[in-house]
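Student: Input: one structure, supplied below.
Here, each number is a calculation from the coordinates, and none is a lab measurement. Computed from a prediction, not measured in an experiment: that's the story for all the values here. Every residue, glycine as well, gets a Cβ built from its backbone with ideal geometry; the counts of neighbours run over all protein chains shown.
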Amino acid sequence: MKILALVGSYRKNGNSDIVAKEALMGAQEAGAEVELLHLTDYKIEACQGFGLCLFRKEGCHIKDDVKFIWSRIEEADGIILSVPCYFLESTAVLKQLIDRAWVLAHRGTFRGKYASVMVPYATRGWIPYAMLQPNIFFGILGFNVIHREAFNVQGLGEAVHDEAAIEKAHRVGNELARAVREKDPTYRSEAGLCPICQDWNIRILKDRKAVECPTCGIRGVLKTRNGQIEVVFDEGTLADYRFDPVTGYNHFTYHIKPSKDYFLRTKDERKARGARYKAYLKQEG
Amino acid sequence: MIEKYTAHLRYYPGDPLREIRLEDLDRISKAYGVAVAFQKIDNRTLSEGMLKEETLDKTIEEITQEVITVSSDDEKRFREAVAVLYETYRAPRTPYGFWGSSRDGGRIAKAMADETGGGW
């Protein structure tokens, strides 16, 4: 059994590194073989949006280190993602990787693997979207996420002062390894509002009647009970959450692929209308 | 003859928030005084426990979908009917989800999808 830690921070021996390593120690205790990759050590180019990767057997055409990262993930049974929150959400390296993961989303390459998320952050109230990118990443890859934990630590390497944080990181790694071994996807962290991604963000739809989890796309209504706000999700939409394999298949099959026909039908009109933009601010020479 | 305001609302598998039922469409047609037609196309086959279909080289019209066509010469009634259809099923989700609509009907239906129907 192998547990791989992916660290989304440029700072070696920083807090993300420390909690990831402590988690790996916990995983080792549970009998796991471990590995750690700093995502910032690798060349991860931006997705170019061609979409051809979705139709080619060989996948993405970009020559960088992303295929290597996928190969390490493929070899692992469980992933610890330790990614700091600098400005309201994850660091950019994770988003860069997410965009490149699109090709895998529709193939289900990693579906059923296990993951734990750890987010070191500095200031309470400045991390509303900290779990968004980790949820998207593991959602599209089809992982069972069993922890989402935040660590309130600030300066470089300060996590070592916080015994509770270290203990929590150790427990996360240990529980992840045991979950993999026992094939037990039970969620271990505190439950959130969304029963799927466990996040606390809710989007009010423009009709001002319904709300949805912006990550999972499940809908519901807001209610108040005993002075507390509740979100009552529509049972019917739970099965159609964004990262469900059938939803993903339908999205790919009916929202993406038929755009080819639309693209071809509108080609002449697009060419005529697009000419002014091609000419605008065109560099000479 | 196509009426001035005609919109084809194309819903693909998983798009409608609830089952599209003829009796509900009939009720909307009568309540708002507009013509509402419905077409269901299903070309999926069961494979590996899932309903599947190859759509890359097919036309927008022939792939599996449910198409609600709402028509009227009266803009106000047309808008009211589209609004209730969006509230019931949500708005079509792709740029080609209005393909085949009349110019005015398609323009209004698409703008309304941004205004209501959950927004973007």
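Student: Might you report the magnitude of the Cβ-based charge dipole of chain A about its Cα centre, with Lys and Arg at +1 and Asp and Glu at -1, to the nearest 20 debye?
Tutor: On the way: 41 positive and 36 negative charges, 323 e Å.
The dipole magnitude comes to about 1560 debye.
Student: Apply the Karplus curve 6.51 cos²θ - 1.76 cosθ + 1.60, θ = phi - 60°, to the phi angles in the range A:102-112 and return the couplings in whole Hz, x for Gly and Pro.
Tutor: Taking θ as phi minus 60°, the curve returns 3, 4, 7, 4, 8, 9, x, 3, 10, 3, x Hz for the range A:102-112.
Student: Could you pull out the GluC sites (Glu not before Pro) across the range A:195-285 that fall in loop regions by DSSP (anything but H, G, I, E, B) with no more than 15 other Cβ atoms inside 10 Å? List each step's numbers first, then the result.
Tutor: Values: sites: A:Glu212, A:Glu230, A:Glu235, A:Glu269, A:Glu284; in loops: A:Glu284.
Here the GluC sites (Glu not before Pro) that fit, given the DSSP loop and packing criteria, are A:Glu284.
Student: So what J values fall out for the range A:245-254 if you push phi through Karplus, 6.51 cos²θ - 1.76 cosθ + 1.60 with θ = phi - 60°, rounded to Hz, Gly and Pro as x?
Tutor: x, 5, 4, x, 5, 5, 4, 5, 6, 10
Student: If you don't mind, there's one more thing I want to ask. So for the pair A:Val246, B:Ile41, with labels modelled 7 Å out along Cα→Cβ, what separation do we get in nm?
Tutor: 2.2 nm
Student: Rounding to the nearest 20 debye, state how big the charge dipole of the range A:72-203 is about its Cα centre with +1 on each Lys and Arg Cβ and -1 on each Asp and Glu Cβ.
Tutor: On the way: 15 positive and 15 negative charges, 90 e Å.
That gives the range A:72-203 a dipole magnitude of about 440 debye.
Student: Same structure again: Could you work out how far apart the two model spin labels at A:Trp200 and B:Glu61 are, taking each label as a point 7 Å from the Cα in the direction of the beta carbon, and quote it in nm?
Tutor: 5.3 nm
Student: Can you give the helix-only mean residue ellipticity at 222 nm for chain A, where every DSSP H stretch with n ≥ 4 adds -39500 (n - 2.57) and the sum goes over all residues, rounded to the nearest 500 deg cm²/dmol?
Tutor: Working: 10 runs with 98 residues, N = 285.
Result for chain A, helices only: -10000 deg cm²/dmol.
Student: Specify which residue in the list A:Thr215, A:His106, A:Ser259 is farthest towards the positive end of the charge dipole of chain A, using unit charges on the beta carbon of Lys, Arg (+1) and Asp, Glu (-1), about the Cα centre.
Tutor: A:Ser259
Student: Convert each backbone phi in the range B:87-104 into a coupling constant with the Karplus relation 6.51 cos²θ - 1.76 cosθ + 1.60 (shift: θ = phi - 60°), then list the ³J(HN,Hα) values in order as whole Hz, x for Gly and Pro.
Tutor: Those phi angles translate into 5, 7, 10, 6, 7, x, 10, 10, x, 8, x, 10, 4, x, 5, 5, 4, 6 Hz.
Student: In nm, give the distance between the simple-model label positions of B:Arg107 and A:Glu235, each being 7 Å from the Cα along the Cα-to-Cβ direction.
Tutor: A separation of 4.6 nm, rounded to one decimal place.
Student: Check which residues have an amide H placed less than 5 Å from A:Ser9's amide H, if you skip close sequence neighbours.
Tutor: A:Leu39, A:Thr40
Student: Let me have the 222 nm mean residue ellipticity of chain B computed from DSSP H runs of 4+ only, each contributing -39500 (n - 2.57), with the sum over all residues rounded to the nearest 500. All intermediate terms of the calculation are to be shown ahead of the outcome.
Tutor: Details: 3 runs with 39 residues, N = 120.
-10500 deg cm²/dmol, from helical runs alone.
Student: Right, another one. Averaged across orientations, what area in nm² does the convex hull of the alpha carbons in the protein assembly as shown project? Write out the running numbers ahead of the final one.
Tutor: Details: hull surface 101.0 nm².
Result: a mean projected hull area of 25.2 nm².
Student: Let me ask something else. Work from the charge dipole of the range A:2-182 (Cβ charges, +1 for Lys and Arg, -1 for Asp and Glu, about the Cα centre) and give the residue of A:Ser90, A:Gly51, A:Ile127 farthest towards its positive end.
Tutor: Final value for the positive-end residue is A:Gly51.
Student: Rounded, prolate or oblate: which fits the range B:5-115, taking a ≥ b ≥ c as square roots of the Cα gyration tensor eigenvalues, rounded meaning a/c under 1.5, else prolate when a/b beats b/c?
Tutor: prolate
Student: Using the Cα centre of the range B:26-120 as the reference point, and only Cβ charges (+1 on K/R, -1 on D/E), how large is the resulting charge dipole? Debye, rounded to the nearest 20.
Tutor: Values: 14 positive and 17 negative charges, 51 e Å.
Dipole size: approximately 240 debye.
Student: For the range A:64-133 and the range A:1-24, what is the separation of their Cα centres, given in Å?
Tutor: First find each Cα centre; the distance between them is then 12 Å.
Student: So for the range A:2-182, considering every pair of alpha-carbon atoms, how many percent are separated by more than 21 Å? Write down the numbers at each step before the final one.
Tutor: On the way: 7398 of 16290 pairs.
For the range A:2-182, the share of Cα pairs beyond 21 Å comes to 45 percent.
Student: Follow-up. Longer than 24 Å from Cα to Cα, which of A:Lys271/B:Lys110; A:Lys67/A:Lys168; A:Lys278/B:Lys4; A:Lys43/A:Lys271 are they? Say none if no pair is.
Tutor: On the way: A:Lys271/B:Lys110 22 Å; A:Lys67/A:Lys168 32 Å; A:Lys278/B:Lys4 34 Å; A:Lys43/A:Lys271 35 Å.
In this structure, A:Lys67/A:Lys168; A:Lys278/B:Lys4; A:Lys43/A:Lys271 lie more than 24 Å apart at Cα.
Student: Once Lys and Arg get +1 and Asp and Glu get -1 on their Cβ, which of A:Ser71, A:Ala169, A:Ala30 lies farthest toward the positive end of the dipole of the range A:2-182?
Tutor: Result: A:Ser71.
Student: Kindly provide the trypsin sites (Lys or Arg not before Pro) of the range B:15-58 that DSSP labels as loop, not H, G, I, E or B, and whose Cβ sees at most 11 other Cβ atoms within 10 Å.
Tutor: Working: sites: B:Arg18, B:Arg21, B:Arg27, B:Lys30, B:Lys40, B:Arg44, B:Lys52, B:Lys58; in loops: B:Arg18, B:Arg21, B:Arg44, B:Lys58.
Sites meeting the loop and neighbour criteria: B:Arg21.
Student: Right, another one. Could you name the aspartates and glutamates in cross-link range of A:Lys95, using Cα to Cα under 13 Å and dropping any fewer than eight places away on the same chain?
Tutor: Once the sequence-local aspartates and glutamates are set aside, what remains near A:Lys95 is A:Glu45.
Student: Using bins 10 angstrom wide from zero, how does P(r) for the range A:121-178 break down, in % of all Cα pairs?
Tutor: Whole-percent P(r) values from 0 Å outward: 19, 43, 34, 4.
Student: A further question on this structure: If Lys and Arg each add +1 and Asp and Glu each add -1, what is the summed charge of the other residues whose beta carbon sits under 14 Å from the beta carbon of A:Cys53?
Tutor: Numbers: positive: A:Arg56, A:Lys57, A:Lys63, A:Lys67, A:Arg100, A:Arg107, A:Lys257; negative: A:Glu45, A:Glu58, A:Asp64, A:Asp99.
Residues close to A:Cys53 contribute a combined charge of +3.
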